[in-house]
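Let me begin by presenting the structure, written as structure tokens, before commenting on it.
Nothing in this text is a laboratory measurement; each read-out follows from the coordinates by a stated rule. Note that the structure is predicted; figures quoted are calculated from it, not measured. All Cβ positions, even for glycine, are placed from backbone atoms using ideal geometry, and neighbour counts span all protein chains on display.
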Ligand SMILES: Nc1ncnc2c1ncn2[C@@H]1O[C@H](COP(=O)(O)OP(=O)(O)OP(=O)(O)O)[C@@H](O)[C@H]1O
Ligand SMILES: [Mg+2]
């Protein structure tokens with residue numbers, strides 16, 4: 001088993017007739033997408049999403065922790081509903097279950113590096129190295145440029161004495177529970193990938209300038225700064241769409257499921273279903289949660305700018321939370337960079353009549369689409 005990253009911007013590779021799956025088991029919902037490569041294009045064959053809350057007697061939109069057999073049941077249900085025919089593909093691993101660090105190690109050959117990494121990793125990983133699965137990726141050095149990571153190098157000419165390595169560690173227990181889910185659901189998982197790299201692959205086009213991907217999930221919001229195809233900074237906060245719904249429910253005196261429904265259907269757009277006063281209260285409640293997220297996003301933008309002396313030019317909003325109706329305006333106002341909503345299905349070929357719906361639900365599928373794209377490319 002291997003989880004992997006890198007090669008983020010490589011296009012879809014060889015021609016293939018087989019279909020592949022991209023699977024993203026989030027805290028509130030699982031998404032699955034089936035793609036097929038045909039003459040360099042990724043054909044969207046089917047997709048599906050299933051709320052996990054109901055499998056724990058909780059409402060749709062709630063983040064839940066389910067045992068593997070319940071998740072497998074949900075996977076079987078969504079595969080049946082979406083007419084998924086493929087069985088092989090990739091599965092994303094939550095950022096929160098992984099540890100990503102950037103190490104600076106001496107420039108040694110790959111064999112030496114292989115021996116060195118587990119030893120170096122001990123300094124960064126709070127659990128015994130034997131309990132985790134490690135993977136790493138050498139961050140390409142900027143030609144003729146000073147290291148972006150080591151400000152101390154500023155005074156001295158850059159020599160190829162050290163190299164930066166992106167280290168990823170996943171707890172073996174986490175991998176084992178995914179193996180159980182896959183087995184129970186009749187899936188054949190060929191690789192695992194940390195959701196960071198999947199979201200980045202499907203959310204960004206080619207680009208050199210630093211870009212911030214913000215994944216607005218149910219229980220967490222994740223942020224990744226990507227520059228020249230490499231994830232430089234990652235950050236996670238425990239505010240997400242679930243909190244937005246909870247706040248809305250409290251402010252309006254509603255049950256969670258009503259607040260969830262209103263948030264998804266109307267979001268920040270005033271509705272005739274409510275009086276002016278109620279519309280105001282809905283909007284200010286949603287904006288207060290959103291404001292907390294955006295101020296964290298701005299903090300990441302600011303600290304990246306200060307640390308690396310470069311501005312992040314663009315923010316891409318992904319995750320189900322980015323489908324909030326009316327999110328663009330406050331995002332543009334609040335964030336100190338250009339803002340765009342992720343449109344991962346634009347990288348796939350689908351019937352024209354689906355275009356609008358795929359754009360709407362797209363942000364939530366950023367991870368699943370990214371996983372499938374990787375698999376397709378490797379055939
Ligand atoms: N149209 C919409 N408007 C507003 N919020 C939405 C909409 N659709 C989904 N959401 C919210 O997005 C969140 C789910 O997003 P997503 O599916 O990306 O999360 P997840 O992957 O399950 O969670 P996490 O990434 O935190 O594990 C929920 O809070 C849900 O209420
Ligand atoms: Mg998610």
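Structure notes:
- For the residues 364, 326, 61, a GNM of the chain with alpha-carbon springs under 10 Å puts the largest fluctuation on 326.
- Anisotropy class of segment 222-379 from Cα gyration tensor, a/c 1.5 cut: oblate
- Using the Cβ-Cβ distance between residue 273 and residue 346 with R0 set to 35 Å, the FRET efficiency works out to roughly 0.65.
- Simple spin-label estimate for residue 284 and residue 338 in nanometres, 7 Å along Cα-Cβ: 3.5 nm
- On the basis of the beta-carbon distance and an R0 of 30 Å, residue 69 and residue 129 show a calculated FRET efficiency of 0.50.
- 332, 235 arranged by Cβ crowding within 10 Å, fewest neighbours leading: 332, 235
- Using a cutoff of 8 angstrom between alpha carbon atoms and counting only pairs six or more residues apart, the relative contact order for the chain works out to 22 percent.
- Note: relative contact order over segment 24-130, using C-alpha pairs below 8 Å and six or more positions apart, is 22 percent.
- Mean Cα-pair separation over length for segment 259-379, i.e. relative contact order, pairs under 8 Å, 6 or more apart, %: 25 percent
- From most to least packed by mean Cβ count within 10 Å, the peptides 122-128, 261-267, 52-58 give 261-267, 52-58, 122-128.
- Ordering 46, 220 by the number of other Cβ atoms within 10 Å of each residue's own Cβ, fewest first, gives 46, 220.
- Projected label distance in nm at residue 209 and residue 77, using a 7 Å step from Cα toward the beta-carbon: 4.4 nm
- Relative to its residue count, the chain spans a Cα convex hull of 145 Å³ per residue.
- Shown here is the pair-distance distribution of segment 232-298: with all Cα-Cα distances grouped in 10 Å bins from zero up to the longest one, the shares run 21, 51, 20, 7, 1 percent.
- Residue-averaged 222 nm ellipticity for the chain, from DSSP H runs of 4+ at -39500 (n - 2.57), nearest 500: -11000 deg cm²/dmol
- In summary, segment 297-379 shows an alpha-carbon radius of gyration equal to 1.29 times the 2.2 N^0.38 Å reference for compact globular proteins.
- Debye-sum result for segment 17-103 in log10 I(q)/I(0), which assumes one identical scatterer on each alpha carbon, at q = 0.16, 0.20, 0.23 Å⁻¹: -0.68, -0.92, -1.09
- Cβ-based exposure ranking for 254, 136, in which fewest neighbours within 10 Å come first: 254, 136
- Each label was represented as a point 7 Å from its Cα along the Cα-to-Cβ direction; for residue 107 and residue 265 these points are 6.2 nm apart.
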